[in-house]
1. Report, in listed order, any pair from LYS25/LYS119; LYS34/LYS70; LYS25/LYS89; LYS82/LYS119; LYS3/LYS42 with a Cα-Cα distance greater than 20 Å.
2. Tell me what the chain gives for mean residue ellipticity at 222 nm when only DSSP H runs of n ≥ 4 count, each as -39,500 (n - 2.57), the sum divided by the residue total, rounded to 500 deg cm²/dmol.
3. Over the chain, how many percent of alpha carbon pairs lie in each 5 Å bin up to the one with the longest distance?
4. Antiparallel versus total DSSP beta bridges in the chain: what percent is that, nearest 5?
5. Please list, in order along segment 22-31, the HN-Hα scalar couplings obtained from phi with the Karplus expression 6.51 cos²θ - 1.76 cosθ + 1.60 (θ = phi - 60°), rounded to whole Hz, x for Gly and Pro.
6. Listing TRP92, TRP77, TRP68 from the residue with the fewest other Cβ atoms within 10 Å to the one with the most, what is the order?
7. Under 5 Å between amide hydrogens, which residues at least 5 positions from ILE27 or on another chain qualify, with H placed 1.01 Å from N in the peptide plane?
8. Which of LEU84, ASN117, ASN50 sits closest to the plus end of the dipole of the chain, meaning its Cα is farthest towards the positive end, when Lys and Arg get +1 and Asp and Glu get -1 on the C-beta?
Amino acid sequence: MTKVTPVDEEYIFEDGLIVSSTDLKGIVTYANRKFCEMSGYKKEELIGANHNIIRHPDMPRVAFDNLWSKIRNGQEWEGVVKNLRQDGKYYWVHTFITPIRENGRIMGYSAARRPANQKEIESAQSLYNNLSQQEEKKIY
């Protein structure tokens, strides 16, 4: 798949619930209709793709390091994420991710996302700006 170039235009997520599942490596195994609608991808394009296909470059790497650390250790993760659509627009979600277990073993992950409210978005933007600045300082 070709890399999507972000555009500074928000695609508003007003209502509904985005649901997806992945395997242990983040490969999408399930995507509901709302996920397809919000991401701009067809179901056939999402299934089998890495979930990071919707990762917006404004999201600091450390935010995802924290997420993966928690879910790989069997914990749930909750937070606000800025996602990238196939057309380059972005949308904000409040995300809840939980491990999928079979016979006590983690077999994958399930995520449910609702629209993030303005207060959550502002708080996340502030946090992610600070984290990004810290990442830049480490690089240089």
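1. Cα-Cα > 20 Å for LYS25/LYS119; LYS34/LYS70; LYS25/LYS89; rest within.
2. The helix-only estimate for the chain comes to -10000 deg cm²/dmol at 222 nm.
3. 2, 10, 19, 23, 22, 15, 7, 2, 0, 0
4. Antiparallel: roughly 95 percent of the beta bridges in the chain.
5. Working through the residues one at a time gives 9, 7, 5, 9, x, 7, 5, 10, 8, 9 Hz.
6. TRP68, TRP77, TRP92
7. Those lying under 5 Å, H to H, from ILE27 are HIS51.
8. ASN50
Just so you know, all these numbers are worked out from the coordinates, no wet-lab data involved. Note that the structure is predicted; figures quoted are calculated from it, not measured. Every residue, glycine among them, receives a Cβ derived from its backbone with ideal geometry; neighbour counts consider all protein chains shown.
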